[in-house]
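Contents: one structure, followed by commentary.
The values are calculated or read from the model by the stated rules, or taken from the named source; none is laboratory data. Since the structure is predicted, the reported quantities are computational estimates derived from the model, not experimental observations. Methodologically, a virtual Cβ is constructed for each residue, glycine included, from the backbone with ideal geometry; neighbour enumeration extends over all protein chains shown. Side chains are part of the model used for accessible areas, which takes the heavy atoms of the whole protein and leaves out ligands, DNA and RNA. Shrake-Rupley method; radii C 1.70, N 1.55, O 1.52, S 1.80 Å.
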Amino acid sequence: MIPETLNPLNYYTSLVPDLIPAATVPIIILICVLFLIWNHEGTSSIPGPGYCMGIGPLISHGRFLWMGVGNACNYYNKTYGEFVRVWFSGEETFIISKSSSVFHVMKHWNYVSRFGSKLGLQCIGMYENGIIFNNNPAHWKEIRPFFTKALSGPGLVRMIAICVESTIVHLDKLEEVTTEVGNVNVLNLMRRIMLDTSNKLFLGVPLDENAIVLKIQSYFDAWQALLLKPDIFFKISWLCKKYEEAAKDLKGAMEILIEQKRQKLSTVEKLDEHMDFASQLIFAQNRGDLTAENVNQCVLEMMIAAPDTLSVTLFIMLILIAEHPTVEEKMMREIETVMGDRDVQSDDMPNLKIVENFIYESMRYQPVVDLIMRKALQDDVIDGYPVKKGTNIILNIGRMHKLEFFPKPNEFSLENFEKNVPSRYFQPFGFGPRGCVGKFIAMVMMKARRCRVQTMKGRALINIQKMNDLSMHPIERQPLLVMVFTPRRA
């Protein structure tokens with residue numbers, strides 16, 4: 001009798017004998033303990049939403065899919081701070097918009113890998129292929145020198161003349177991009193100029209510009225849609241079919257063009273005159289250094305870079321010029337002082353300071369690329385926060401550019417670049433081992449552009465005096481609004 005009296009479990013079960021069997025009570029207690037342990041494992045010293053038995057990761061991933069990656073990143077940074085922990089596809093992910101943390105990630109080889117949906121990247125051909133989203137560091141290191149060589153040195157000098165020539169040719173056939181009411185789709189015009197320039201520099205075979213431009217746009221839509229989709233999305237064929245077909249369509253077109261290049265190389269007498277980017281890759285494949293799939297993807301990525309990201313960047317610049325005529329006048333006076341009526345030359349570049357500040361401010365105020373995705377290859381510590389191997393990193397540089405250093409962060413103003421800006425506060429191309437390989441050629445070619453924009457009765461009108469093209473290699477892509485302008489040639 002005494003042991004039974006002293007037993008608290010016996011006392012408890014005697015109170016509720018009909019509601020809960022005695023054996024159930026320790027099970028309930030065990031479940032509560034496991035729940036507390038599970039939830040405790042999900043806690044972290046890093047700011048962000050709670051784990052809460054796995055509900056937190058589901059909500060954060062759902063928010064990314066619902067709001068889009070850029071808006072979701074801004075939401076989390078605004079809500080929890082500039083260093084935030086969330087989850088993406090169940091994987092721990094840090095969203096960072098603090099300049100010191102961003103600088104740390106960019107400069108270390110520990111973060112040269114990217115992250116994204118494996119099935120999505122396989123669909124568009126970027127999984128362990130090419131350079132843009134190649135997440136295999138060893139393969140990426142083998143590929144990057146081909147891009148570096150093509151986008152620097154002699155190629156940098158040749159590009160200016162080719163851009164001028166291509167622009168003149170396309171301005172002489174504006175009817176091909178003119179609507180029935182006489183408006184010219186300037187974005188489409190730029191895309192065609194970019195594609196023609198890239199083809200002459202890097203591939204060198206005849207192609208149907210209009211058809212390829214349309215395929216490139218569809219490919220980018222597929223890239224954007226599939227990059228971060230969960231695996232279950234790819235099990236529903238009717239959801240991803242159109243994206244798979246778009247990617248396959250452009251890859252097939254590029255394979256045909258590359259085969260034409262192979263045939264051309266087999267018949268030329270002097271190879272030195274035809275040793276461009278595509279030729280270097282083809283000969284590397286012949287030596288067994290690269291696979292055919294990697295060659296095709298590298299050429300594809302080089303050809304799509306300018307017609308999309310760069311074209312939209314220029315398009316935004318034209319909008320900003322139309323909205324800020326005083327800035328335009330300052331640039332035109334500088335251009336006339338430095339160059340007069342002649343075409344731009346390499347020696348002119350350092351003297352175009354106002355033009356350079358305008359380019360920088362445009363990319364800061366309205367970036368086309370505002371996020372950079374990386375993955376930690378080793379354990380690390382960033383600004384006191386522990387980072388485990390395999391952690392996803394999203395650098396929210398678009399937000400960073402409006403938080404620190406600049407005197408008018410929320411305005412479009414050349415005053416933001418009147419003083420030298422330390423590199424840690426402004427990184428439109430990134431830097432370090434995985435920085436944009438084409439950033440130098442991009443700046444040269446953007447300075448080589450000259451146009452005049454006027455605003456009349458609410459419509460931006462372009463009065464083109466000289467329109468020299470540019471090219472750069474993208475980091476990531478974000479969707480932007482397409483507008484139609486009416487051009488006027490001088």
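Observations on the model:
- Descending semi-axes in whole angstrom, ellipsoid equivalent of segment 254-399, from the Cα gyration tensor: 36, 31, 14
- Cα-derived Rg to Rh of segment 146-284, Kirkwood definition: 1.03
- P(r) tail fraction, segment 378-448 - alpha-carbon pairs more than 18 Å apart, %: 57
- Sequence-distant aspartates and glutamates (8 or more away, or on other chains) whose Cα lies within less than 14 Å of K229: E91, D221, E244
- The convex hull around the C-alpha trace of segment 48-487, projected and averaged over every direction, spans 22.5 square nanometres.
- Packing, as the average of other Cβ atoms within 10 Å across residues, places the peptides 397-408, 303-314 in the order 303-314, 397-408, highest first.
- Amide H contacts for Y127 (H built 1.01 Å from N in the peptide plane; partners 5 or more residues away or on another chain; cut-off under 5 Å): Q122.
- Net lengthening on full extension, E165/L58 (0.36 nm per residue, minus Cα-Cα): 33.2 nm
- Linear extension gain, L403 paired with K78, 0.36 nm per residue minus alpha-carbon span: 115.9 nm
- Working from label points 7 Å from Cα in the Cα-to-Cβ sense, the M349 to E91 distance is 3.6 nm.
- Karplus-derived 3J(HN,Hα), 6.51/-1.76/1.60, for each residue of segment 392-408, Hz, glycine and proline x: 7, 10, 10, 8, 8, 6, x, 6, 4, 5, 10, 10, 10, 6, 6, x, 10
- Applied to segment 230-235, the Karplus parametrisation 6.51 cos²θ - 1.76 cosθ + 1.60 on θ = phi - 60° returns per-residue 3J(HN,Hα) values of x, 4, 4, 4, 7, 7 Hz, with x for Gly and Pro.
- Long-range amide H partners of I393 with built H, under 5 Å: F94, R374, K375, A376
- Cross-link partners of K149 among lysines, defined as those whose alpha carbon lies under 17 angstrom from its own and excluding same-chain residues fewer than eight positions apart: K141, K200, K439.
- Gain on full stretching of the segment that runs from D341 to D289 - 0.36 nm per residue minus C-alpha separation: 13.9 nm
- Computed Kirkwood radius, in angstrom, where 1/r is averaged over Cα pairs of segment 168-220: 11.8
- Of the whole protein surface, E329 contributes about 80 Å² of accessible area at a 1.4 Å probe radius.
- Rounded to the nearest whole Hz, the Karplus-based 3J(HN,Hα) values (6.51 cos²θ - 1.76 cosθ + 1.60, θ = phi - 60°) of segment 351-364 follow the sequence 8, 8, 6, 5, 4, 4, 5, 5, 4, 4, 5, 4, 6, 6, with x at glycine and proline.
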